[in-house]
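The values are calculated or read from the model by the stated rules, or taken from the named source; none is laboratory data. Fair warning: this is a prediction, and the values are worked out from it, not measured in the lab. Here the Cβ positions follow ideal geometry from the backbone for every residue, glycine too, while neighbour counts run over all protein chains shown. Side chains are part of the model used for accessible areas, which takes the heavy atoms of the whole protein and leaves out ligands, DNA and RNA. Shrake-Rupley method; radii C 1.70, N 1.55, O 1.52, S 1.80 Å.
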Amino acid sequence: MLSKEEAKLVLETCLETGGDFAEIFLEDTVQNDLELSGGKITKSNTSLIHGAGLRILRDDQEVYGYTNDTSLQGLLTLANSLKTGFNYEKLNISFDLEEVDLPNNHLAVINPLSLSNVDKIKYLQTVYETAKNYHESITQVIATIWEHNQIVTIYNTEGRIAKDERHHVRLTLNVVASKPGVMQTAHDSIGGNCGYELFDQRDLVAFAQDVAQSAVTMLEAEEMVGQMLPVVIHNGFGGVILHEACGHALEATSVAKGLSVFCGKLGEQIASPIVTAVDDGTLPNYWGSANIDDEGTPTRRNVLIENGILKSYFVDKRNARKMKCEITGSARRQSYRFSPTSRMTNTFFVNGNSTFEEIIKNTEYGFFAKRMGGGSVNPATGEFNFAVNEGYMIENGKITRPVRGATLVGNGADILKQIDMIANNLSTGHGMCGSLSGSIPADVGQPTIRVKKMTVGGRGGKK
Amino acid sequence: MNYEYLFKRAQELNITDIEVYTEVKEGLDISLFNGAVDKNVMYKTTGIALRGLYNGQMGYVSSENLADDKIDYLLERLIDKAKVLTLDEKSFIYEGSDSYPEVEERALTFTEVPTWEKIKLLQELETKIKEKDIRIASVANCMYRETKVTIEIRNSKGLYLTKTDGYCFIYASAVAKDESDVKSGSDYRIVKDLSEINLDRLAESIVKRAVGLLNATPVESKKYPIILENEVFADILGAFQSMFSGESLLKKLTLLKDKIGEQVANTNITIVDDPLCKEAHIQHSFDDEGVSCSRKEIISKGVFKTFLHNLKTANALNTQSTGNGFKASLNSPVGVRYTNLYVEKGYSSLEDMIKSVQEGLLITSVQGLHSGVNPISGDFSLQSSGYLIQNGVITKPVNLIVIAGNFLEMLKNVEEVGNDLVFTYQHIGCPSIKISALQVSGE
């Protein structure tokens, strides 16, 4: 652990060549993985992640470096090679380091580091047995627990020392159902910035049954016929489209460079007037929450879109200098190996006025994307694609037959304008979001929404 | 770290065999935006991964904290992990192969080039891209990345192996704009010596990929003959490579189960895993378990020959390790991974393949590989872009379409194999191929 004086010495060394801001990010993490597959514990790993990242800014120019030699000597060596990135007159910056005192809003009641492996495995066994015994067509079940117990300390030349203790736990269930020549997978997860109490609070049996049912149902489904039609996207993980196709385009990393379709659109109507979208890193114990972001700023609730009007971007310290605007408390990074940048935390559409039943009833002919898979988006154009893991046709206002292999294709900016119904059943799903500053836990969410028209790809023959 | 103490302490704690895998990584990561340095990251990290046999189970721990006072804690964690494992398959610490193939050493000259020259190289690339076509609106990403990795494996059976390798990677993506549309395109090169890069040709390729797709539109939904450009085929092969893994076989998660000796692809398809391939970016003399590496054909003239194995999967399936025991990262256990996986090239040029198509598509890019493919069933459904071919000539750019099919069925329907084999950054090499038909969803 660095003393205040040592941290100050490292930061002052960073500023010797004209930097106007410097930061130390110290991390100590214990990561645990457990996997139950085919009735056996097939994986059990522990990793100690330990290191420091140093950052120097001058205006919007940045140099970053990292090492796992966190001794004073190791950090000074890094600071001395990093500072060669600038060649200016030293500025007159003086500071004293003071620790900021913040309440912990994301307590882990059952601390993962104090629970035995035997107790952890019981949760895996519950979901494993439930899914395995759900139906004879289920041939493979894999249940995993991933834990990331991270302690971070951030020191910067604004005089701030900020600490956070985070316990990310996630239980994931993968189910394979098969019949001759066809295999169908389904998966889902439960996760939070909390302790193992999360798995006591949730009905793990119902969770496992739901995943198993999805695989069994989709096994018998016919192939989706590619076409353009109204699409109803279900709540929870359905919010992945908002996350991928709109959220990433609101990150300062693409806005500050003029690469986003939403550049210069603050205050403008970018979505249908029934759409309000929020990113909230303060929600207690949510998967994407934390007490502070990875620059040491307290997290907050940011309204991104209000009644269709663009209200805010995601902004970190460096990009705030470029964009001349406020930081939003959402600078994040996977580990000390990454320089922090603007990222999402828990991002979702807020509830609308319709019910789920009304949306289905009002859809004469359409596609119901019940369970979304992953997807990707081209940030320059906003074009996206998402796999649908569980989908159904809607005919005469009723959900009729399941269809497999469907892919949603479109453009983020267009889709926002095409949303014409929003239900009142908001829920979230838990993903790992990959971007410039690494892979981080992020919640995606929404109530059930309807998009007037969208291209759905599939392997089925022509309609 | 005091290895002597580590081995001694492990023995005292009844860890029968123990292995230390050390990885030292050094690198530089620079990117430009509008001519100025946007990202400038330097690093040096050292990490160790320990694995040891306790009661017949292999416990794993890894650490970036190399203080000697962590040794006891790490060994205790290792035992704690091994205690809960209930794997049937036996794990091994390996005493070493009789001999190891020699890998031609290539000097990593890039490590001697000063940072400012690398920045200058990127600035030149950016300028060239902007000068090639007035429709280039910006260079979204222009980056240089170098890594040098040294690996050491030492174990209580007396094995000691070490290797150092590395390369640099130069990449740029450009955004093209005209009155009615915006598109992006990118390309990269991987080299060990910076003088091997032809900046002009790299810039030309990037510009072509961006500008070429301007005003692309979907095509009518139906089946089309398809040409997959080499890198696209490599991306798709990469998404399905786990079907060749002995681990997938053990977990019964591969369609190739029970297919050894069967015709699974057209006779013009041969897929090779060659750790020593000279055209590839990295060569391997041994894998992460210390097993000697060698070339093998996975699919030979369409016939499925072998899965890839590490010591554990080989033993469980009563066969020999193929020298494919690799870790995905320092803190993951030894799994099964290809070394340099490639499809042997054929005789047709891409131009000739295009000429042979009446009405079809040339696919130059696919997206969504992490979600639109199912490596277990072989099904894929991928957002794609490329060009429409009519009467042997490219007539218009195409995008927002989805190509869908099954990987093994597709390999059976390969009509022609190109002569343009190229290795991607994922160490997968493919030529372009022509497929008789795939389902396309568009309008």
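Looking at the range A:245-284, which of the residues that are closer than 28 Å to residue A:24 by Cβ and in a loop (DSSP other than H, G, I, E, B) is least open to solvent (accessible area, probe 1.4 Å)?
Only one residue tops the list, namely A:281.
Residues being in contact with a helix residue (DSSP H, G or I) (Cβ under 9 Å, 6 or more places away or on another chain) and either facing another protein chain (nearest Cβ under 9 Å) or open to solvent by 40 Å² or more (accessible area, probe 1.4 Å) (or both): count how many of those fall in the range B:73-84. It would help to see each step written out before you state the result.
Here is the first cut: in the range B:73-84, the residues in contact with a helix residue (DSSP H, G or I) (Cβ under 9 Å, 6 or more places away or on another chain) are B:74-75, B:78, B:80-81, B:83-84.
Remaining after also requiring either facing another protein chain (nearest Cβ under 9 Å) or open to solvent by 40 Å² or more (accessible area, probe 1.4 Å) (or both): B:74, B:78, B:80-81, B:83-84.
Going through the range B:73-84 one residue at a time, the tally reaches 6.
Of the residues B:376, B:363, which single one is buried (at least 21 other Cβ atoms within 10 Å of the Cβ) and within 24 Å of residue A:434 (Cβ to Cβ)?
Working: B:363 fails: within 24 Å of residue A:434 (Cβ to Cβ).
Residue meeting the stated conditions: B:376.
Considering only residues of the range B:52-72 that are more than 10 Å from chain A (Cβ to nearest Cβ) and either out of contact with any helix residue (DSSP H, G or I) (no Cβ under 8 Å at 6 or more places or on another chain) or not in a helix (DSSP H, G or I) (or both), which is least open to solvent (accessible area, probe 1.4 Å)?
B:52
Sort out which residues of the range A:353-371 are part of a strand (DSSP E or B), closer than 19 Å to residue A:235 by Cβ and either free of Cβ contacts under 8 Å to residues at least 12 places away in the same chain or open to solvent by 10 Å² or more (accessible area, probe 1.4 Å) (or both), and write them in order of number. Give the steps one after another, and end with the answer.
We begin by selecting, within the range A:353-371, every residue part of a strand (DSSP E or B); these are A:354, A:365-371.
Narrowing further to those that are closer than 19 Å to residue A:235 by Cβ: A:354, A:366-371.
Within the range A:353-371, A:354, A:370, A:371 meet the criteria.
Residues to consider are B:208, B:259, B:222; find the one that is touching a strand residue (DSSP E or B) at 6+ places or on another chain (Cβ under 6 Å) and open to solvent by 20 Å² or more (accessible area, probe 1.4 Å).
Details: B:208 fails: touching a strand residue (DSSP E or B) at 6+ places or on another chain (Cβ under 6 Å); B:222 fails: touching a strand residue (DSSP E or B) at 6+ places or on another chain (Cβ under 6 Å).
Answer to the selection: B:259.
Return the residues of the range A:293-352 that are outside any loop (DSSP other than H, G, I, E, B), buried (at least 23 other Cβ atoms within 10 Å of the Cβ) and of a type in the set (Val, Ile, Thr); say none if nothing qualifies.
Within the range A:293-352, A:305, A:341, A:347 meet the criteria.
I want to confirm something. Restricting to the range B:270-313 and keeping residues that are touching a helix residue (DSSP H, G or I) at 6+ places or on another chain (Cβ under 7 Å) and not in a loop (DSSP other than H, G, I, E, B), which single residue is surrounded by the most Cβ atoms within 10 Å (Cβ to Cβ)?
This residue is B:308.
Count, please, the residues in the range A:60-105 that happen to be open to solvent by 20 Å² or more (accessible area, probe 1.4 Å) and either β-branched (Val, Ile, Thr) or over 30 Å from the mean Cα position of the chain (by Cα) (or both).
Of the residues in that region, 22 qualify.
Among the residues of the range B:211-241, write down those that are in a strand (DSSP E or B) and β-branched (Val, Ile, Thr).
B:217, B:226, B:227
I want to confirm something. Restricting to the range A:177-189 and keeping residues that are crowded, with 21+ Cβ neighbours inside 10 Å and hydrophobic (A, V, I, L, M, F, W, C), which single residue is nearest to residue A:38 (Cα to Cα)?
The residue in question is A:177.
List the number of the failed condition for residue B:329; all other conditions in (1) closer than 30 Å to residue B:188 by Cα; (2) touching a Ser or Thr at 6+ places or on another chain (Cβ under 8 Å); (3) open to solvent by 20 Å² or more (accessible area, probe 1.4 Å) hold.
Status for residue B:329: all satisfied but (2).
Please enumerate the residues belonging to the range B:33-71 that are closer than 30 Å to residue A:54 by Cα and of a type in the set (D, E, K, R).
Result: B:38, B:39, B:44, B:64, B:68, B:69, B:70.
Select, from A:57, A:26, A:2, the only residue that is more than 9 Å from chain B (Cβ to nearest Cβ), modelled with pLDDT under 95, surrounded by 16 or more Cβ atoms within 10 Å (Cβ to Cβ) and under 22 Å from residue A:294 (Cβ atoms). Even if it seems obvious, please write down each step before you answer.
Working: A:57 fails: modelled with pLDDT under 95; A:26 fails: modelled with pLDDT under 95.
The unique qualifying residue is A:2.
Are any residues in the range B:366-379 more than 9 Å from every other protein chain (Cβ to nearest Cβ) and either in a strand (DSSP E or B) or of a type in the set (Lys, Arg) (or both), and if so, which ones?
B:366 - this is the single residue of the range B:366-379 that is more than 9 Å from every other protein chain (Cβ to nearest Cβ) and either in a strand (DSSP E or B) or of a type in the set (Lys, Arg) (or both).
For residues that are in a strand (DSSP E or B) and of a type in the set (Gly, Ala, Ser), scanning just the range B:393-443, find the one that is nearest to the other protein chains (Cβ to nearest Cβ).
Out of the qualifying residues, it is B:441.
Can you tell me which residue in the range B:85-102 is farthest from the other protein chains (Cβ to nearest Cβ), limited to those that are within 12 Å of residue B:56 (Cα to Cα), touching a Leu at 6+ places or on another chain (Cβ under 8 Å) and open to solvent by 20 Å² or more (accessible area, probe 1.4 Å)? Before you say what the answer is, go through the steps one by one.
To start, the set of residues in the range B:85-102 that are within 12 Å of residue B:56 (Cα to Cα) comprises B:85-93.
Next cut, touching a Leu at 6+ places or on another chain (Cβ under 8 Å) only: B:89, B:91-93.
Still in the list and also open to solvent by 20 Å² or more (accessible area, probe 1.4 Å): B:89, B:92.
Details: B:89: 9, B:92: 16 Å.
The selected residue is B:92.
For residue A:434, indicate whether it is free of Cβ contacts under 8 Å to residues at least 24 places away in the same chain, assigned by TED's automatic domain parsing to the domain that holds residue A:339 and either of a type in the set (D, E, K, R) or outside any helix (DSSP H, G or I) (or both).
yes
Considering only residues that are within 10 Å of chain B (Cβ to nearest Cβ), open to solvent by 10 Å² or more (accessible area, probe 1.4 Å) and not in a strand (DSSP E or B), which ones fall in the range A:391-411?
The answer is A:405, and nothing else.
Assess whether residue B:198 counts as being out of contact with any helix residue (DSSP H, G or I) (no Cβ under 8 Å at 6 or more places or on another chain) and modelled with pLDDT under 95.
Spelling it out, it is not the case that residue B:198 is out of contact with any helix residue (DSSP H, G or I) (no Cβ under 8 Å at 6 or more places or on another chain) and modelled with pLDDT under 95.
Looking only at the range A:142-163, decide whether some residue is under 30 Å from residue A:19 (Cα atoms), charged (D, E, K, R), over 28 Å from the mean Cα position of the chain (by Cα) and surrounded by fewer than 19 Cβ atoms within 10 Å (Cβ to Cβ).
Yes, the range A:142-163 has at least one match.
State all residues of the range A:439-463 that are closer than 28 Å to residue A:315 by Cα, open to solvent by 10 Å² or more (accessible area, probe 1.4 Å) and within 14 Å of chain B (Cβ to nearest Cβ); if no residue qualifies, say none.
Once the filter is applied, which keeps residues that are closer than 28 Å to residue A:315 by Cα, open to solvent by 10 Å² or more (accessible area, probe 1.4 Å) and within 14 Å of chain B (Cβ to nearest Cβ), the range A:439-463 yields only A:439.
Which of (1) without any contact (Cβ under 8 Å) to a residue 40 or more places away in the chain; (2) more than 24 Å from residue A:150 (Cα to Cα) does residue A:327 not meet, given it meets every other one?
For residue A:327, the exception is condition (2).
When the residues of the range A:60-90 are filtered to those that are within 8 Å of another protein chain (Cβ to nearest Cβ) and of a type in the set (Gly, Ala, Ser), which remaining residue is farthest from residue B:74 (Cα to Cα)?
A:85
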